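The values are calculated or read from the model by the stated rules, or taken from the named source; none is laboratory data. Just so you know, these numbers come straight off a predicted model, no measurement behind them. Here the Cβ is made from the backbone with ideal geometry for all residues, glycine too, and neighbour counts use every protein chain on show.
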2 protein chains.
Amino acid sequence: MRPSKRDELVQEALKVFYQNGFTATGMDMLVKKTGISKTSMYKHFRTKDDLILAVLRLRDEQLRNWFFRRVEELASSPLGQLLAVFDVLEEWFQQPDFQGCMFIKASSEFQRADDPIYNQCTEHKKLMFSSLLKIVRQLETDQGNLSSEIAEALTRQLFLLKEGAIILKHMRVSVSAGLEAKEAAVSLLQANGIRGV
Amino acid sequence: MRPSKRDELVQEALKVFYQNGFTATGMDMLVKKTGISKTSMYKHFRTKDDLILAVLRLRDEQLRNWFFRRVEELASSPLGQLLAVFDVLEEWFQQPDFQGCMFIKASSEFQRADDPIYNQCTEHKKLMFSSLLKIVRQLETDQGNLSSEIAEALTRQLFLLKEGAIILKHMRVSVSAGLEAKEAAVSLLQANGIRGV
DNA sequence: TCCTATATGAACAGATCAGTATATATACAT
DNA sequence: ATGTATATATACTGATCTGTTCATATAGGA
(Lines give C-alpha, C1' and ligand atoms only; values in the text may rest on other atoms or scores of the structure.)
Protein backbone atom coordinates (compact mmCIF):
# COMPACT_ATOMS: atom_id res chain seq x y z
CA MET A 1 0.00 0.00 0.00
CA ARG A 2 1.51 3.29 -1.08
CA PRO A 3 0.92 5.75 1.74
CA SER A 4 0.79 8.87 -0.41
CA LYS A 5 -2.81 8.65 -1.57
CA ARG A 6 -4.15 8.05 1.88
CA ASP A 7 -2.14 10.91 3.34
CA GLU A 8 -3.19 13.17 0.52
CA LEU A 9 -6.82 12.38 1.31
CA VAL A 10 -6.43 13.13 5.01
CA GLN A 11 -4.62 16.39 4.33
CA GLU A 12 -7.21 17.62 1.84
CA ALA A 13 -10.15 16.43 3.93
CA LEU A 14 -8.74 18.40 6.85
CA LYS A 15 -9.01 21.65 4.94
CA VAL A 16 -12.55 20.97 3.77
CA PHE A 17 -13.80 19.81 7.19
CA TYR A 18 -12.16 22.80 8.88
CA GLN A 19 -13.74 25.36 6.59
CA ASN A 20 -17.07 23.65 6.03
CA GLY A 21 -17.77 21.59 9.13
CA PHE A 22 -17.88 17.81 9.55
CA THR A 23 -21.57 17.02 9.20
CA ALA A 24 -22.08 19.68 6.56
CA THR A 25 -19.38 18.05 4.41
CA GLY A 26 -20.64 14.97 2.57
CA MET A 27 -18.41 12.31 1.05
CA ASP A 28 -19.47 13.41 -2.42
CA MET A 29 -18.23 16.91 -1.69
CA LEU A 30 -14.91 15.42 -0.60
CA VAL A 31 -14.72 13.61 -3.94
CA LYS A 32 -15.30 16.87 -5.75
CA LYS A 33 -12.88 18.93 -3.64
CA THR A 34 -10.04 16.40 -3.42
CA GLY A 35 -10.35 14.66 -6.79
CA ILE A 36 -10.01 11.32 -5.02
CA SER A 37 -12.62 8.70 -5.85
CA LYS A 38 -15.10 7.53 -3.28
CA THR A 39 -14.02 3.94 -3.87
CA SER A 40 -10.49 4.85 -2.81
CA MET A 41 -11.71 6.67 0.27
CA TYR A 42 -13.63 3.67 1.50
CA LYS A 43 -10.67 1.42 0.74
CA HIS A 44 -8.59 3.48 3.18
CA PHE A 45 -11.30 4.18 5.77
CA ARG A 46 -14.20 1.96 6.69
CA THR A 47 -16.48 4.87 7.65
CA LYS A 48 -16.64 8.64 7.50
CA ASP A 49 -16.06 8.74 11.26
CA ASP A 50 -12.80 6.83 10.79
CA LEU A 51 -11.69 9.43 8.27
CA ILE A 52 -12.62 12.20 10.70
CA LEU A 53 -10.58 10.53 13.44
CA ALA A 54 -7.58 10.36 11.10
CA VAL A 55 -8.06 14.02 10.20
CA LEU A 56 -8.15 14.95 13.89
CA ARG A 57 -5.02 12.90 14.57
CA LEU A 58 -3.22 14.79 11.82
CA ARG A 59 -4.53 18.13 13.06
CA ASP A 60 -3.46 17.35 16.61
CA GLU A 61 0.07 16.54 15.51
CA GLN A 62 0.19 19.47 13.07
CA LEU A 63 -1.10 22.06 15.52
CA ARG A 64 0.92 21.00 18.55
CA ASN A 65 4.13 20.73 16.55
CA TRP A 66 3.66 24.08 14.88
CA PHE A 67 2.53 25.81 18.04
CA PHE A 68 5.35 24.82 20.34
CA ARG A 69 7.99 25.01 17.64
CA ARG A 70 6.98 28.64 17.12
CA VAL A 71 7.04 29.19 20.89
CA GLU A 72 10.60 27.87 21.04
CA GLU A 73 11.60 30.03 18.10
CA LEU A 74 10.33 33.15 19.84
CA ALA A 75 11.88 32.54 23.27
CA SER A 76 14.33 30.24 25.00
CA SER A 77 13.65 30.86 28.68
CA PRO A 78 10.58 29.24 30.27
CA LEU A 79 9.19 32.63 31.22
CA GLY A 80 9.72 34.01 27.75
CA GLN A 81 8.08 30.94 26.27
CA LEU A 82 5.02 31.27 28.48
CA LEU A 83 4.48 34.77 27.16
CA ALA A 84 5.33 33.70 23.61
CA VAL A 85 2.46 31.21 23.84
CA PHE A 86 0.09 34.14 23.47
CA ASP A 87 2.05 35.73 20.65
CA VAL A 88 1.82 32.46 18.73
CA LEU A 89 -1.87 32.32 19.57
CA GLU A 90 -2.27 35.75 18.04
CA GLU A 91 -0.28 34.61 14.97
CA TRP A 92 -2.73 31.75 14.59
CA PHE A 93 -5.72 34.08 14.87
CA GLN A 94 -4.33 36.38 12.20
CA GLN A 95 -3.95 33.63 9.63
CA PRO A 96 -6.46 34.41 6.87
CA ASP A 97 -8.06 30.98 7.00
CA PHE A 98 -8.50 30.94 10.79
CA GLN A 99 -11.85 29.39 11.59
CA GLY A 100 -11.66 28.58 15.30
CA CYS A 101 -10.37 25.45 16.99
CA MET A 102 -11.13 22.28 15.07
CA PHE A 103 -11.42 20.27 18.27
CA ILE A 104 -13.89 22.60 19.94
CA LYS A 105 -15.95 22.51 16.77
CA ALA A 106 -15.75 18.73 16.40
CA SER A 107 -16.72 18.23 20.03
CA SER A 108 -19.75 20.42 19.34
CA GLU A 109 -20.87 18.28 16.43
CA PHE A 110 -20.14 14.95 18.12
CA GLN A 111 -21.06 15.62 21.72
CA ARG A 112 -22.13 12.20 22.96
CA ALA A 113 -19.92 11.38 25.95
CA ASP A 114 -18.92 8.00 24.51
CA ASP A 115 -18.28 9.22 20.96
CA PRO A 116 -14.69 8.42 19.90
CA ILE A 117 -14.49 11.75 18.08
CA TYR A 118 -15.54 13.67 21.18
CA ASN A 119 -13.02 11.78 23.27
CA GLN A 120 -10.21 12.40 20.81
CA CYS A 121 -11.00 16.12 21.04
CA THR A 122 -10.74 16.14 24.82
CA GLU A 123 -7.49 14.20 24.47
CA HIS A 124 -6.02 16.95 22.30
CA LYS A 125 -6.85 19.59 24.90
CA LYS A 126 -5.22 17.48 27.60
CA LEU A 127 -2.08 17.18 25.48
CA MET A 128 -1.97 20.93 24.95
CA PHE A 129 -2.37 21.36 28.69
CA SER A 130 0.50 18.96 29.38
CA SER A 131 2.81 20.82 27.02
CA LEU A 132 1.98 24.07 28.75
CA LEU A 133 2.47 22.47 32.17
CA LYS A 134 5.91 21.31 31.08
CA ILE A 135 7.01 24.89 30.47
CA VAL A 136 5.55 26.03 33.79
CA ARG A 137 7.46 23.24 35.56
CA GLN A 138 10.69 24.43 33.94
CA LEU A 139 9.94 27.88 35.25
CA GLU A 140 9.33 26.32 38.64
CA THR A 141 12.76 24.65 38.52
CA ASP A 142 14.40 27.91 37.44
CA GLN A 143 12.86 29.95 40.21
CA GLY A 144 13.06 27.23 42.82
CA ASN A 145 10.20 28.46 44.96
CA LEU A 146 7.13 27.02 43.31
CA SER A 147 5.36 23.99 44.66
CA SER A 148 4.04 21.62 42.01
CA GLU A 149 0.48 22.36 43.08
CA ILE A 150 1.02 25.99 42.21
CA ALA A 151 2.47 24.94 38.87
CA GLU A 152 -0.69 22.99 38.04
CA ALA A 153 -2.97 25.79 39.20
CA LEU A 154 -1.01 28.43 37.31
CA THR A 155 -1.05 26.31 34.16
CA ARG A 156 -4.82 25.93 34.42
CA GLN A 157 -5.22 29.68 34.72
CA LEU A 158 -3.07 30.31 31.66
CA PHE A 159 -4.97 27.62 29.82
CA LEU A 160 -8.26 29.35 30.68
CA LEU A 161 -6.92 32.47 28.98
CA LYS A 162 -5.76 30.55 25.92
CA GLU A 163 -9.08 28.76 25.37
CA GLY A 164 -11.05 31.89 26.14
CA ALA A 165 -9.05 33.77 23.53
CA ILE A 166 -9.93 31.16 20.89
CA ILE A 167 -13.63 31.64 21.64
CA LEU A 168 -13.51 35.44 21.76
CA LYS A 169 -11.69 35.51 18.44
CA HIS A 170 -13.94 32.96 16.76
CA MET A 171 -17.10 34.64 18.04
CA ARG A 172 -15.96 38.12 17.09
CA VAL A 173 -15.96 39.59 20.58
CA SER A 174 -12.29 40.56 20.27
CA VAL A 175 -10.11 41.39 17.32
CA SER A 176 -6.82 40.73 19.11
CA ALA A 177 -7.83 38.19 21.71
CA GLY A 178 -4.32 36.72 21.81
CA LEU A 179 -2.74 39.99 22.88
CA GLU A 180 -5.47 40.62 25.44
CA ALA A 181 -4.84 37.19 26.87
CA LYS A 182 -1.13 37.96 26.97
CA GLU A 183 -1.69 41.03 29.12
CA ALA A 184 -3.84 38.99 31.47
CA ALA A 185 -1.15 36.30 31.56
CA VAL A 186 1.43 38.86 32.65
CA SER A 187 -0.82 39.82 35.55
CA LEU A 188 -1.33 36.19 36.54
CA LEU A 189 2.38 35.44 36.45
CA GLN A 190 3.14 38.48 38.61
CA ALA A 191 0.34 37.60 41.00
CA ASN A 192 1.85 34.13 41.40
CA GLY A 193 5.18 35.58 42.44
CA ILE A 194 7.03 34.90 39.20
CA ARG A 195 10.14 37.09 39.13
CA GLY A 196 11.39 38.85 36.04
CA VAL A 197 8.14 39.26 34.17
CA MET B 1 -53.17 32.40 17.51
CA ARG B 2 -52.78 30.98 20.98
CA PRO B 3 -49.15 31.50 21.93
CA SER B 4 -48.87 28.50 24.23
CA LYS B 5 -48.29 25.82 21.59
CA ARG B 6 -45.59 27.77 19.84
CA ASP B 7 -43.83 28.55 23.10
CA GLU B 8 -44.13 24.94 24.19
CA LEU B 9 -42.46 23.87 20.95
CA VAL B 10 -39.57 26.30 21.36
CA GLN B 11 -39.03 25.29 24.97
CA GLU B 12 -39.03 21.57 24.23
CA ALA B 13 -36.94 21.96 21.08
CA LEU B 14 -34.37 23.84 23.14
CA LYS B 15 -33.83 20.83 25.39
CA VAL B 16 -33.51 18.40 22.50
CA PHE B 17 -31.18 20.62 20.46
CA TYR B 18 -29.03 21.29 23.50
CA GLN B 19 -28.58 17.63 24.39
CA ASN B 20 -28.48 16.23 20.87
CA GLY B 21 -27.11 18.97 18.62
CA PHE B 22 -28.84 20.95 15.90
CA THR B 23 -27.94 19.05 12.74
CA ALA B 24 -28.16 15.69 14.49
CA THR B 25 -31.76 16.44 15.51
CA GLY B 26 -34.23 15.92 12.70
CA MET B 27 -37.73 17.35 12.62
CA ASP B 28 -39.16 13.85 12.96
CA MET B 29 -37.21 13.40 16.20
CA LEU B 30 -38.68 16.67 17.45
CA VAL B 31 -42.16 15.32 16.69
CA LYS B 32 -41.37 12.20 18.72
CA LYS B 33 -39.77 14.03 21.65
CA THR B 34 -42.23 16.93 21.91
CA GLY B 35 -45.47 15.25 20.86
CA ILE B 36 -46.20 18.23 18.62
CA SER B 37 -47.16 17.46 15.04
CA LYS B 38 -44.90 18.41 12.17
CA THR B 39 -47.78 20.29 10.55
CA SER B 40 -48.01 22.54 13.59
CA MET B 41 -44.29 23.13 13.63
CA TYR B 42 -44.30 24.34 10.05
CA LYS B 43 -47.33 26.49 10.73
CA HIS B 44 -45.33 28.36 13.38
CA PHE B 45 -41.93 28.33 11.62
CA ARG B 46 -41.25 28.39 7.92
CA THR B 47 -37.98 26.47 8.17
CA LYS B 48 -35.93 24.50 10.67
CA ASP B 49 -33.44 27.37 10.77
CA ASP B 50 -36.22 29.74 11.84
CA LEU B 51 -37.06 27.38 14.69
CA ILE B 52 -33.39 27.26 15.69
CA LEU B 53 -33.23 31.06 15.70
CA ALA B 54 -36.29 31.16 17.98
CA VAL B 55 -34.69 28.57 20.26
CA LEU B 56 -31.52 30.64 20.46
CA ARG B 57 -33.50 33.79 21.22
CA LEU B 58 -35.18 31.99 24.10
CA ARG B 59 -31.91 30.57 25.33
CA ASP B 60 -30.25 33.98 25.21
CA GLU B 61 -33.01 35.53 27.28
CA GLN B 62 -33.18 32.55 29.64
CA LEU B 63 -29.45 32.32 30.26
CA ARG B 64 -28.73 36.02 30.66
CA ASN B 65 -31.69 36.53 32.96
CA TRP B 66 -30.84 33.54 35.12
CA PHE B 67 -27.14 34.29 35.18
CA PHE B 68 -27.26 37.91 36.28
CA ARG B 69 -30.22 37.39 38.60
CA ARG B 70 -28.15 34.78 40.43
CA VAL B 71 -25.18 37.17 40.46
CA GLU B 72 -27.33 39.86 42.08
CA GLU B 73 -28.67 37.36 44.59
CA LEU B 74 -25.16 36.42 45.64
CA ALA B 75 -23.71 39.92 45.99
CA SER B 76 -24.79 43.54 45.99
CA SER B 77 -21.52 45.43 45.52
CA PRO B 78 -19.95 45.58 42.05
CA LEU B 79 -16.80 43.89 43.30
CA GLY B 80 -18.78 41.14 44.99
CA GLN B 81 -20.82 40.66 41.85
CA LEU B 82 -17.74 40.34 39.66
CA LEU B 83 -16.52 37.50 41.83
CA ALA B 84 -20.01 36.01 42.06
CA VAL B 85 -19.99 35.74 38.26
CA PHE B 86 -17.63 32.82 38.62
CA ASP B 87 -19.61 31.21 41.41
CA VAL B 88 -22.67 31.27 39.19
CA LEU B 89 -20.58 29.89 36.36
CA GLU B 90 -19.60 27.00 38.61
CA GLU B 91 -23.28 26.51 39.56
CA TRP B 92 -24.07 26.24 35.88
CA PHE B 93 -21.31 23.69 35.30
CA GLN B 94 -22.55 21.53 38.17
CA GLN B 95 -26.07 21.26 36.80
CA PRO B 96 -26.53 17.61 35.84
CA ASP B 97 -27.64 18.42 32.30
CA PHE B 98 -24.77 20.82 31.56
CA GLN B 99 -23.60 20.26 28.00
CA GLY B 100 -21.47 23.29 27.21
CA CYS B 101 -22.55 26.65 25.80
CA MET B 102 -25.35 26.38 23.26
CA PHE B 103 -24.03 29.38 21.34
CA ILE B 104 -20.49 28.09 21.02
CA LYS B 105 -21.92 24.81 19.79
CA ALA B 106 -24.36 26.42 17.37
CA SER B 107 -21.63 28.63 15.95
CA SER B 108 -19.60 25.47 15.36
CA GLU B 109 -22.39 23.84 13.39
CA PHE B 110 -23.33 26.97 11.42
CA GLN B 111 -19.99 28.63 10.85
CA ARG B 112 -20.55 30.50 7.61
CA ALA B 113 -19.82 34.18 8.32
CA ASP B 114 -23.15 35.31 6.86
CA ASP B 115 -25.28 32.63 8.50
CA PRO B 116 -28.02 34.26 10.63
CA ILE B 117 -27.55 31.55 13.26
CA TYR B 118 -23.84 32.22 13.52
CA ASN B 119 -24.47 35.93 13.81
CA GLN B 120 -27.08 35.47 16.50
CA CYS B 121 -24.53 33.47 18.49
CA THR B 122 -21.92 36.22 18.30
CA GLU B 123 -24.63 38.67 19.33
CA HIS B 124 -25.31 36.69 22.50
CA LYS B 125 -21.65 36.80 23.46
CA LYS B 126 -21.57 40.54 22.90
CA LEU B 127 -24.60 40.96 25.15
CA MET B 128 -22.96 38.89 27.87
CA PHE B 129 -19.89 41.05 27.50
CA SER B 130 -21.95 44.23 27.84
CA SER B 131 -23.59 42.99 31.02
CA LEU B 132 -20.20 42.23 32.48
CA LEU B 133 -18.86 45.59 31.39
CA LYS B 134 -21.75 47.29 33.15
CA ILE B 135 -20.68 45.80 36.47
CA VAL B 136 -17.06 46.77 35.87
CA ARG B 137 -18.15 50.33 35.13
CA GLN B 138 -20.04 50.44 38.42
CA LEU B 139 -16.87 49.32 40.14
CA GLU B 140 -15.06 52.06 38.26
CA THR B 141 -17.52 54.64 39.58
CA ASP B 142 -17.20 53.28 43.11
CA GLN B 143 -13.44 53.39 43.13
CA GLY B 144 -13.15 56.56 41.12
CA ASN B 145 -9.73 55.93 39.67
CA LEU B 146 -10.40 53.74 36.67
CA SER B 147 -10.35 55.09 33.16
CA SER B 148 -12.97 53.66 30.86
CA GLU B 149 -10.26 52.07 28.72
CA ILE B 150 -9.12 50.10 31.72
CA ALA B 151 -12.69 49.09 32.37
CA GLU B 152 -13.02 47.66 28.86
CA ALA B 153 -9.66 45.90 29.04
CA LEU B 154 -10.41 44.46 32.46
CA THR B 155 -13.80 43.24 31.29
CA ARG B 156 -12.20 41.51 28.32
CA GLN B 157 -9.75 39.75 30.59
CA LEU B 158 -12.52 38.54 32.87
CA PHE B 159 -14.50 37.45 29.84
CA LEU B 160 -11.53 35.44 28.61
CA LEU B 161 -11.60 33.55 31.89
CA LYS B 162 -15.33 32.98 31.71
CA GLU B 163 -15.28 31.59 28.15
CA GLY B 164 -12.17 29.57 28.83
CA ALA B 165 -13.87 28.00 31.82
CA ILE B 166 -16.81 26.91 29.66
CA ILE B 167 -14.43 25.16 27.27
CA LEU B 168 -12.29 23.54 29.97
CA LYS B 169 -15.40 22.21 31.66
CA HIS B 170 -17.05 21.00 28.47
CA MET B 171 -13.86 19.35 27.22
CA ARG B 172 -13.12 17.70 30.54
CA VAL B 173 -9.81 19.42 31.20
CA SER B 174 -11.05 20.77 34.54
CA VAL B 175 -13.65 19.53 36.98
CA SER B 176 -14.15 22.90 38.69
CA ALA B 177 -13.25 25.33 35.96
CA GLY B 178 -15.51 28.02 37.43
CA LEU B 179 -13.61 28.11 40.71
CA GLU B 180 -10.26 28.07 38.92
CA ALA B 181 -11.40 31.03 36.86
CA LYS B 182 -12.49 32.78 40.03
CA GLU B 183 -9.02 32.52 41.54
CA ALA B 184 -7.54 33.91 38.35
CA ALA B 185 -10.12 36.72 38.40
CA VAL B 186 -9.03 37.70 41.91
CA SER B 187 -5.46 38.02 40.66
CA LEU B 188 -6.53 40.10 37.69
CA LEU B 189 -8.60 42.45 39.83
CA GLN B 190 -5.72 42.94 42.24
CA ALA B 191 -3.28 43.47 39.38
CA ASN B 192 -5.56 46.18 38.02
CA GLY B 193 -5.45 48.07 41.30
CA ILE B 194 -8.93 47.17 42.50
CA ARG B 195 -9.11 47.82 46.23
CA GLY B 196 -10.90 45.55 48.66
CA VAL B 197 -10.61 42.27 46.81
C1' DT C 1 3.48 -11.22 -20.86
C1' DC C 2 0.99 -11.89 -16.92
C1' DC C 3 -0.05 -11.08 -12.12
C1' DT C 4 -1.09 -8.03 -8.45
C1' DA C 5 -2.08 -3.78 -6.27
C1' DT C 6 -4.22 0.38 -6.57
C1' DA C 7 -6.73 3.52 -8.77
C1' DT C 8 -11.07 5.22 -11.29
C1' DG C 9 -16.20 6.25 -12.72
C1' DA C 10 -20.82 5.48 -12.33
C1' DA C 11 -24.69 3.53 -10.90
C1' DC C 12 -27.06 1.88 -7.06
C1' DA C 13 -29.29 0.63 -2.23
C1' DG C 14 -31.44 2.02 1.73
C1' DA C 15 -31.98 5.35 5.03
C1' DT C 16 -32.97 9.90 6.41
C1' DC C 17 -33.49 14.64 5.60
C1' DA C 18 -36.56 19.14 5.17
C1' DG C 19 -40.73 20.42 3.83
C1' DT C 20 -45.72 19.72 1.66
C1' DA C 21 -50.43 18.03 0.82
C1' DT C 22 -54.66 16.31 2.33
C1' DA C 23 -58.14 15.11 5.07
C1' DT C 24 -59.79 15.32 9.68
C1' DA C 25 -60.54 16.49 14.60
C1' DT C 26 -61.29 19.75 18.43
C1' DA C 27 -62.62 23.84 20.78
C1' DC C 28 -64.50 28.17 21.05
C1' DA C 29 -67.12 32.40 19.76
C1' DT C 30 -71.15 34.32 17.76
C1' DA D 1 -75.68 25.38 15.32
C1' DT D 2 -72.23 27.10 12.48
C1' DG D 3 -68.03 29.26 11.23
C1' DT D 4 -63.16 29.93 12.31
C1' DA D 5 -58.77 28.90 14.13
C1' DT D 6 -55.72 25.56 15.50
C1' DA D 7 -54.60 21.11 16.17
C1' DT D 8 -53.82 16.27 14.52
C1' DA D 9 -52.16 11.88 11.65
C1' DT D 10 -50.37 10.09 7.59
C1' DA D 11 -48.46 9.79 3.44
C1' DC D 12 -45.87 11.83 0.18
C1' DT D 13 -41.92 14.49 -2.77
C1' DG D 14 -37.46 15.16 -4.01
C1' DA D 15 -33.08 15.74 -2.42
C1' DT D 16 -29.11 14.13 -0.01
C1' DC D 17 -26.68 11.09 2.96
C1' DT D 18 -23.37 6.99 3.89
C1' DG D 19 -21.74 3.12 2.03
C1' DT D 20 -21.58 -0.74 -1.80
C1' DT D 21 -21.11 -2.94 -6.21
C1' DC D 22 -19.08 -3.69 -10.46
C1' DA D 23 -16.69 -3.08 -14.39
C1' DT D 24 -12.49 -1.01 -15.90
C1' DA D 25 -7.94 1.38 -16.16
C1' DT D 26 -3.05 1.88 -15.04
C1' DA D 27 1.44 0.84 -13.59
C1' DG D 28 5.18 -1.93 -11.83
C1' DG D 29 7.56 -6.51 -10.86
C1' DA D 30 8.70 -11.35 -12.00
Which one of these is charged (D, E, K, R), touching a Leu at 6+ places or on another chain (Cβ under 7 Å) and more than 30 Å from B:GLY193 (Cβ to Cβ): B:ARG46, B:ARG59, B:ARG6? B:ARG59
Which numbered condition A:ASP142 fails, given (1) farther than 18 Å from B:ALA177 by Cα; (2) at the interface with chain B (Cβ under 9 Å from one of its Cβ atoms); (3) in contact (Cβ under 8 Å) with a residue 60 or more places away in the chain: (2)
The number of residues in segment B:154-176 that are in a helix (DSSP H, G or I), facing chain A (nearest Cβ under 7 Å) and aliphatic (A, V, I, L, M) is 5
Pair list, Cβ under 6 Å, 6 or more apart: segment B:20-33 residue farther than 20 Å from B:GLN111 by Cβ, other residue among the acidic types (Asp, Glu) and modelled with pLDDT of 95 or more: none
Looking at this structure, is A:SER107 among the small types (Gly, Ala, Ser), free of Cβ contacts under 8 Å to residues at least 24 places away in the same chain and buried (at least 24 other Cβ atoms within 10 Å of the Cβ)? yes
Right, B:LYS162: modelled with pLDDT of 95 or more, charged (D, E, K, R) and in contact with a Ser or Thr (Cβ under 9 Å, 6 or more places away or on another chain) or not? no
Check on B:VAL71, more than 13 Å from chain A (Cβ to nearest Cβ), more than 13 Å from DNA strand C (Cβ to nearest atom) and among the β-branched types (Val, Ile, Thr): yes
